[in-house]
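First comes the structure, then the notes that go with it.
The values are calculated or read from the model by the stated rules, or taken from the named source; none is laboratory data. None of the values given here were measured: they were computed from a predicted structure. No Cβ is skipped: glycine too gets one built from the backbone with ideal geometry, and neighbour counts run over all protein chains shown. To get the accessible areas, we keep the full protein, side chains included, count just its heavy atoms, and leave off ligands, DNA and RNA. Shrake-Rupley method; radii C 1.70, N 1.55, O 1.52, S 1.80 Å.
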Amino acid sequence: MKKTDVVYHYYNNQGWASQSKTGLTLDEKINVNNNKSCRLYNTKTRNRVLNQLNKLKGPKKNLLDVASGPLHIQEFLHYSKFFVERHCVDFSKIALKEAKHNLAKFGQKKSFFYNIDFLKSKFKANSFDSAISLHTLYHVDIDEQKNFVKKLIKYVRPGGLVIIVYSNPFSLQSVLTAPIFLWNCFKLLIKDILIKLSVYKYKKNELYFKRKTIFWWNYFKGLGEVKIIPERTFTGSFEKKIIPDNNFGKSVYKLLFFLENYSFWRFFSTYYIVIIKKKN
């Protein structure tokens, strides 16, 4: 099974499938922290993308949302509230069906949906005012990630924004879990060798996940102004293990959010936001 096939299979058959007991999707159940103590923190961190979109100068006609998912989280719907149109791209029919329902319920009058692989898309250059792609790029073949970003930049108009939420391989969480991190790195190295030797193949339930370093983004400075800010210090699954769901936990989240307001914290954050303003 190819790397991209693994991601395709997961989100078409498991990731966006609703769990009967909880009503959550499998992806949300695994990766999202819904504890009461972090609800405000969740909203405030997710609104960081909205805050950046609000800084867009000029017209706000259309927003391109690549790998939109089902848009089942309220804050995600708000990203297009100042845009006339939202264009959602995803290779999961389940996700697009839910996204269409949720956007209509939210009141987004003009929504368009494309059940395609973004790398094979053929939108016109300079045809969108902004583009977002959240928690997606690190699931794209690492050899194709540069092309993915270049395509996003190509599709937005001069002065438009490309906003990407990406994962940091050398975050504070990686340090705190160093023994596990080093062991996982060793396993990935061995796995890559075996894959190249055609001894090992990706399994259906094994989601592809590879990241560049934060300095890799310097490559795109020739195409626009690049800014990187923190998004979230830890993953939701890690938070559930180390931060208690009580008043003390709320204080911890307040501290994390305070630290995340400083740009230097991007080096410590598990997730950060890349904002590329396309050259005029």
Cut-off 13 Å, label 7 Å out along Cα→Cβ of LEU223, residues of region 134-157 by amide N = 144-157
task = Compute the signed sum of charges (Lys and Arg +1, Asp and Glu -1) over the other residues within less than 9 Å, Cβ to Cβ, of GLY224.
result = +3
ask   = Quick one: length gained pulling ARG211 to ASN147 fully straight, 0.36 nm per residue minus the C-alpha distance?
value = 21.6 nm
request  = Obtain the nm distance between the two label points defined at LEU172 and PHE112 by a simple spin-label model: each point lies 7 Å from its Cα along the Cα-to-C-beta direction.
outcome  = 4.2
task = Based solely on C-alpha atoms, express the radius of gyration and the Dmax of region 57-128 in angstrom.
result = 11.7, 34
note = Ignoring ligands and nucleic acids, PHE267 exposes an accessible area, probe 1.4 Å, in Å² to the nearest 10, of 80
query = For region 208-258, treating each Cα as an identical point scatterer without solvent, what Debye log10 I(q)/I(0) comes out at q = 0.15, 0.17, 0.24 1/Å?
reply = -0.64, -0.72, -0.95
request  = Please calculate the 1.4 Å probe accessible area of LEU207, with all protein chains present, and give it to the nearest 10 Å².
outcome  = 50
ask   = So if we plug the beta-carbon distance of LEU119 and ILE73 into 1/(1 + (r/R0)^6) with R0 = 22 Å, what FRET efficiency do we get, rounded to 0.05?
value = 0.30
